[in-house]
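Data block below; observations after.
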Amino acid sequence: MIRVEQSTNLKAKPPQGELGFGKYFTDHMFMLDYEASQGWHDARIVPYQPLTLDPAAKVFHYGQTIFEGLKAYHGSDGRVRLFRPEANIARMNRSNVRMSVPELDSELFLAALERLIEVDAAWIPSEPGTSLYIRPFVIATQALLGVAPSEQYQFAIIMSPVGAYYPEGINPVRIFVESEHVRASVGGVGEAKTAGNYAATFMSQQTAKESGYTQVMWLDSAQHRYIEEVGSMNVFFCIDGKVCTPALSGSILAGVTRSSIIQLLESWGIEVLERAITIEEVYEAGRAGLLEESFGTGTAAVVSPIGELCWRGEQLLIGDGRTGALSKRLYDTLTGIQYGTVEDRFGWMRETGLQGIIRSDIME
Ligand SMILES: *Cc1c(COP(=O)(O)O)cnc(C)c1O
């Protein structure tokens, strides 16, 4: 069902210590086309190559495009596993529906992921903390300037070996709370992983970086009070012994990591409140010494502790500014499950059948 055209011009692989994030791409990519008359068709794995598109292709003008992000991990037992691919596939189809893109066949999508990983297995890095980042995406390719859904699409999967997110150990970041610009609004497309949501954040992100902050914390569009996300991560707070995270209000991306963190915490008997959280409340808790921890969650970093906030010029130190015990435990457990050193009691890891080298080290 999936045709494979092997590359005859294999690329040199970068040293694992220099991978960084999203800089290098494997030798092959998956492609699938859509025509209104034929549906999705011509599933193929081909050498990694540029796409040729008509300048009138709708993706360039109206932004009809969606992406996903997930990882395959080389376990310390040598086995290669995908983390919750079904969740990413389901989310992509929800994004597709929101952006008027025809849904993908979930089984074909999963088969494409598995086959592509197999073809490019030599690219799965094995050093501690490394992984194979997988980027599925769809673009509207019809050459027509009418403001209406495209009748042609291309779906592709590209893969990038990525380095350890915390080469010097997990460390808290400083976050700038954006009180003017917003990322998304209820009723809009904030819960779809679509390109415009990200381009719209670059301006705030740059301003925050220039002031020494790593990322931006987003507030709701109507009142600029309710906390939504941090950069492109979901966010959690531990206040006075309770864990809370913004409820999925319609403008928040439903992170796979977010849902995994909630399930992990609940399995430890720690209740997670999904509710509306105001920035005032967080500052009040902080001033009262009740804000114990805060962290972001996402596929790239898994857990990213937050050490400091800055909102309307007022700085707030969280905990003692160092990685909190719960953040550390969540990070260690989730990465442990991903690298196969902690038992996967949730059935999150999908075996690929690939066997690489067995690492003698054990992830911390
Ligand atoms: C992808 C993304 C997340 C995190 O989702 P994961 O599935 O955990 O990687 C959170 N917020 C935004 C805006 C995102 O794009």
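When you scan the stretch 70-111, how many residues do you find that are under 18 Å from residue 354 (Cβ atoms) and basic (Lys, Arg)? Adding up the residues that qualify gives 4. In the stretch 232-253, the qualifying residues are those that are within 16 Å of the ligand (Cβ to nearest atom) and surrounded by fewer than 15 Cβ atoms within 10 Å (Cβ to Cβ), and the one that is modelled with the highest pLDDT is 247. For the stretch 206-222, a residue qualifies if it is crowded, with 19+ Cβ neighbours inside 10 Å and part of a helix (DSSP H, G or I), and exactly one does: 208.
Considering only residues in the stretch 4-52 that are of a type in the set (Lys, Arg) and out of contact with any helix residue (DSSP H, G or I) (no Cβ under 7 Å at 6 or more places or on another chain), the one that is nearest to residue 118 (Cα to Cα) turns out to be 44. Listed by first and then second residue, the pairs linking a residue in the stretch 191-205 that is over 13 Å from residue 228 (Cβ atoms) to a residue that is among the acidic types (Asp, Glu) and within 9 Å of the ligand (Cβ to nearest atom), with Cβ atoms under 9 Å apart and 6 or more places separating them unless they lie on different chains, are 193/68. Restricting the stretch 26-61 to residues that are surrounded by 17 or more Cβ atoms within 10 Å (Cβ to Cβ) and in contact with a Pro (Cβ under 9 Å, 6 or more places away or on another chain), which is nearest to residue 301 (Cα to Cα)? Filtering the stretch 26-61 for residues that are surrounded by 17 or more Cβ atoms within 10 Å (Cβ to Cβ) and in contact with a Pro (Cβ under 9 Å, 6 or more places away or on another chain), the one nearest to residue 301 (Cα to Cα) comes out as 26.
Can you tell me which residue among 72, 12 is part of a loop (DSSP other than H, G, I, E, B) and under 18 Å from residue 124 (Cα atoms)?
None of the others qualify; the one that does is 12.
Among residues belonging to the stretch 256-272 that are away from the ligand (no atom under 16 Å from the Cβ) and either surrounded by 13 or more Cβ atoms within 10 Å (Cβ to Cβ) or among the polar types (S, T, N, Q) (or both), point out the one that is farthest from residue 321 (Cα to Cα). Spell out how you get there, then give the answer.
Of the residues in the stretch 256-272, the ones away from the ligand (no atom under 16 Å from the Cβ) are 266-271.
Imposing the further condition that a residue be either surrounded by 13 or more Cβ atoms within 10 Å (Cβ to Cβ) or among the polar types (S, T, N, Q) (or both) reduces the set to 267, 270.
Values: 267: 27, 270: 23 Å.
Here the residue is 267.
Within the stretch 212-231, the only residue that satisfies the criterion of being among the small types (Gly, Ala, Ser), away from the ligand (no atom under 16 Å from the Cβ) and closer than 18 Å to residue 248 by Cβ is 222.
In the stretch 156-200, of all residues being of a type in the set (Ser, Thr, Tyr) and within 24 Å of residue 97 (Cα to Cα), the one that is surrounded by the most Cβ atoms within 10 Å (Cβ to Cβ) corresponds to 194.
For every residue, the table says whether it meets (1) within 16 Å of the ligand (Cβ to nearest atom); (2) within 25 Å of the chain's Cα centre (by Cα); (3) modelled with pLDDT of 95 or more.
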{"site": "7", "(1), (2), (3)": "no, no, yes"}
{"site": "23", "(1), (2), (3)": "no, yes, yes"}
{"site": "31", "(1), (2), (3)": "no, yes, yes"}
{"site": "65", "(1), (2), (3)": "yes, yes, yes"}
{"site": "72", "(1), (2), (3)": "yes, yes, yes"}
{"site": "84", "(1), (2), (3)": "yes, yes, yes"}
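Which residue out of 359, 287 is of a type in the set (Lys, Arg) and surrounded by 13 or more Cβ atoms within 10 Å (Cβ to Cβ)? Give the steps one after another, and end with the answer.
On the way: 287 fails: surrounded by 13 or more Cβ atoms within 10 Å (Cβ to Cβ).
On inspection, the qualifying residue turns out to be 359.
There is no residue in the stretch 234-249 that is β-branched (Val, Ile, Thr), under 20 Å from the mean Cα position of the chain (by Cα) and farther than 20 Å from residue 334 by Cβ. Cβ-Cβ distances below 8 Å connect the following pairs, each with a first residue in the stretch 255-266 that is modelled with pLDDT of 95 or more, a second residue that is assigned to a helix (DSSP H, G or I) and within 9 Å of the ligand (Cβ to nearest atom), and a separation of six or more residues or different chains: 256/87; 256/88; 256/91; 259/87.
The values are calculated or read from the model by the stated rules, or taken from the named source; none is laboratory data. Only a predicted model underlies this, so the values are computations on that prediction, with no experimental measurement involved. Counting neighbours? That spans all protein chains shown, and the Cβs are built from the backbone with ideal geometry, glycine included.
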